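Novice: Dropping the structure in here first, questions after.
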Amino acid sequence: MLVRATGDGALVIGQLSHAWLSGQLARAWGDDQLPAAEPCGGVVLGAQQHDIGWSSFDLRPPLNRDSGLPRNFLELSAEEHLAIWRAAPERLLSQSAHAALVVSMHGSSLSELRVRVAPDQADALHPHIEEEHASQAQLREALGVSEAHAERTRRHMWTWDGLSLAPCMGWRPFTSKDVPTHDGLIEVELRDLAEGESTLDPWPFAAERVTVCCEARELAGHYHDEAQMRAELAHARPRTLTFALRRE
């Protein structure tokens, strides 16, 4: 769950809707400098579904009793993180092995990040990292995908994830690091332009303009009761968020 405070309440975006935005970026991605998703269909599907493990969790989010709002994606315990990510890749296996590989690599990358940020969680997280690395090796062999190609896809997914979180959360400027090009790794910056538009520098798309969207719900207040928060979130009217990007 993405939770963006807005005065008295919050704008709430489900992880799968943010992932939908990632998939839109992935589909448009690629030009003479930055490689496109390859294979396009499976990798784009993986980007669009990379947070599939959140599907049930976000229907009944827990309450952050300090803020009075739903707990956001940065407030998971190690146990909640593992419950979300351990089963996620398997949910895509019968649809696309490439997509399952994307989800597995992203999940293990997130566990590795948690270990760096919170070393006290390492004992709980290392088994998940090792399990996913073993699964990834099997998927790469079955698909005939090299480690180098898979690593490029993993970095692609990390890029699309960050660049879809940033507009949803209002992070400006935002820089995505270690973005793969045909010749190495670079940084890509998201920054605002006039009239509500934004740009990416360097521009990573073949098209001059790209418009992406996701869906949010608005909560009008802060809550003491978790059941009330969940009920109001369930009945909140959906709101489409549209983000216009153009070459500067």
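The values are calculated or read from the model by the stated rules, or taken from the named source; none is laboratory data. Not measured: the values here are computed from a predicted model. All Cβ positions, glycine included, derive from the backbone under ideal geometry; neighbour counts span all protein chains shown. Accessible surface areas use protein heavy atoms only, side chains included; no ligands, DNA or RNA. Shrake-Rupley method; radii C 1.70, N 1.55, O 1.52, S 1.80 Å.
Novice: Those residues that are touching a residue at least 12 places away in the same chain (Cβ under 8 Å) and within 16 Å of the chain's Cα centre (by Cα), I need them from the range 103-121; list them, please. Quick ask: steps written out before the conclusion?
Specialist: We begin by selecting, within the range 103-121, every residue touching a residue at least 12 places away in the same chain (Cβ under 8 Å); these are 103-112, 114-115, 118, 121.
Answer for the range 103-121, where residues must be touching a residue at least 12 places away in the same chain (Cβ under 8 Å) and within 16 Å of the chain's Cα centre (by Cα): VAL103, SER104, MET105, HIS106, GLY107, SER108, SER109, LEU110, SER111, GLU112, ARG114.
Novice: Working carefully through the options GLY107, GLY144, GLY170, find the one that is at pLDDT below 95 and either among the small types (Gly, Ala, Ser) or open to solvent by less than 40 Å² (accessible area, probe 1.4 Å) (or both).
Specialist: Numbers: GLY107 fails: at pLDDT below 95; GLY144 fails: at pLDDT below 95.
Only one candidate passes the filter, namely GLY170.
Novice: Now a separate question. What pairs come out if I take residues in the range 35-56 that are more than 29 Å from HIS81 (Cβ to Cβ) and pair them with residues that are open to solvent by less than 40 Å² (accessible area, probe 1.4 Å) whose C-beta lies under 6 Å away, six or more apart or interchain?
Specialist: Pairs that qualify, where the first residue is more than 29 Å from HIS81 (Cβ to Cβ) and the partner is open to solvent by less than 40 Å² (accessible area, probe 1.4 Å), are ALA36/TRP29; ALA36/GLY30.
Novice: Looking at the range 89-102, is at least one residue assigned to a loop (DSSP other than H, G, I, E, B), modelled with pLDDT under 95 and within 14 Å of GLY53 (Cα to Cα)?
Specialist: Looking through the range 89-102, none of the residues is assigned to a loop (DSSP other than H, G, I, E, B), modelled with pLDDT under 95 and within 14 Å of GLY53 (Cα to Cα).
Novice: Ok, one more. Would you please list the contacts, defined by Cβ atoms under 8 Å and residues six or more apart or on different chains, that run from a residue in the range 58-84 that is over 22 Å from ALA236 (Cα atoms) and without any contact (Cβ under 8 Å) to a residue 60 or more places away in the chain to a residue that is among the small types (Gly, Ala, Ser) and not in a helix (DSSP H, G or I)?
Specialist: ALA78/ALA118
Novice: Residues in the range 199-221: is at least one closer than 18 Å to SER17 by Cβ, in a strand (DSSP E or B) and aromatic (Phe, Trp, Tyr)?
Specialist: No: the range 199-221 contains no residue that is closer than 18 Å to SER17 by Cβ, in a strand (DSSP E or B) and aromatic (Phe, Trp, Tyr).
Novice: On to the next question. Filter the range 173-185 for residues that are β-branched (Val, Ile, Thr) and touching a residue at least 60 places away in the same chain (Cβ under 8 Å); which is most open to solvent (accessible area, probe 1.4 Å)? Please lay out each step first, then the result.
Specialist: So in the range 173-185, the residues β-branched (Val, Ile, Thr) come out as 175, 179, 181.
Next, only the ones that are touching a residue at least 60 places away in the same chain (Cβ under 8 Å) stay: 179, 181.
On the way: VAL179: 0, THR181: 19 Å².
Restricting to residues being β-branched (Val, Ile, Thr) and touching a residue at least 60 places away in the same chain (Cβ under 8 Å), the top hit is THR181.
Novice: Further question: Filter the range 231-248 for residues that are within 23 Å of the chain's Cα centre (by Cα) and in a helix (DSSP H, G or I) and give the result.
Specialist: Selection gives LEU233, ALA234.
Novice: In the range 14-36, which residues are open to solvent by 20 Å² or more (accessible area, probe 1.4 Å), of a type in the set (A, V, I, L, M) and within 12 Å of the chain's Cα centre (by Cα)?
Specialist: LEU16
Novice: While we're here: Starting from the range 193-208, keep only residues that are open to solvent by 10 Å² or more (accessible area, probe 1.4 Å), then list their pairs with residues that are assigned to a loop (DSSP other than H, G, I, E, B) whose Cβ atoms are within a distance under 6 Å, requiring at least 6 positions of separation or different chains.
Specialist: Listed pairs, sorted by first residue: TRP203/ARG247; ALA206/ASP31; GLU208/ARG247.
Novice: If I filter the range 61-79 down to residues being of a type outside the set (A, V, I, L, M) and within 17 Å of the chain's Cα centre (by Cα), which single residue comes out as surrounded by the fewest Cβ atoms within 10 Å (Cβ to Cβ)? Quick ask: steps written out before the conclusion?
Specialist: Let us first name the residues in the range 61-79 that are of a type outside the set (A, V, I, L, M), namely 61-62, 64-68, 70-73, 75, 77, 79.
Still in the running and within 17 Å of the chain's Cα centre (by Cα): 71-73, 75.
Values: ARG71: 19, ASN72: 20, PHE73: 21, GLU75: 14.
Only one residue fits best here, namely GLU75.
Novice: Name every residue in the range 1-49 that is touching a Gly at 6+ places or on another chain (Cβ under 8 Å), of a type in the set (A, V, I, L, M) and not in a loop (DSSP other than H, G, I, E, B), in order of residue number. Write out each step before concluding.
Specialist: Step one: filter the range 1-49 for residues touching a Gly at 6+ places or on another chain (Cβ under 8 Å), giving 1-2, 4, 8-9, 36-37, 44-45, 47-49.
Subset that is of a type in the set (A, V, I, L, M): 1-2, 36-37, 44-45, 47.
Hits for the range 1-49 are LEU2, VAL44, LEU45, ALA47.
Novice: Considering each of ASP178, ASP183, ASP123 in turn, give the residue that is at pLDDT below 95 and either assigned to a helix (DSSP H, G or I) or of a type outside the set (A, V, I, L, M, F, W, C) (or both). Spell out how you get there, then give the answer.
Specialist: On the way: ASP178 fails: at pLDDT below 95; ASP123 fails: at pLDDT below 95.
So the residue among ASP178, ASP183, ASP123 that is at pLDDT below 95 and either assigned to a helix (DSSP H, G or I) or of a type outside the set (A, V, I, L, M, F, W, C) (or both) is ASP183.
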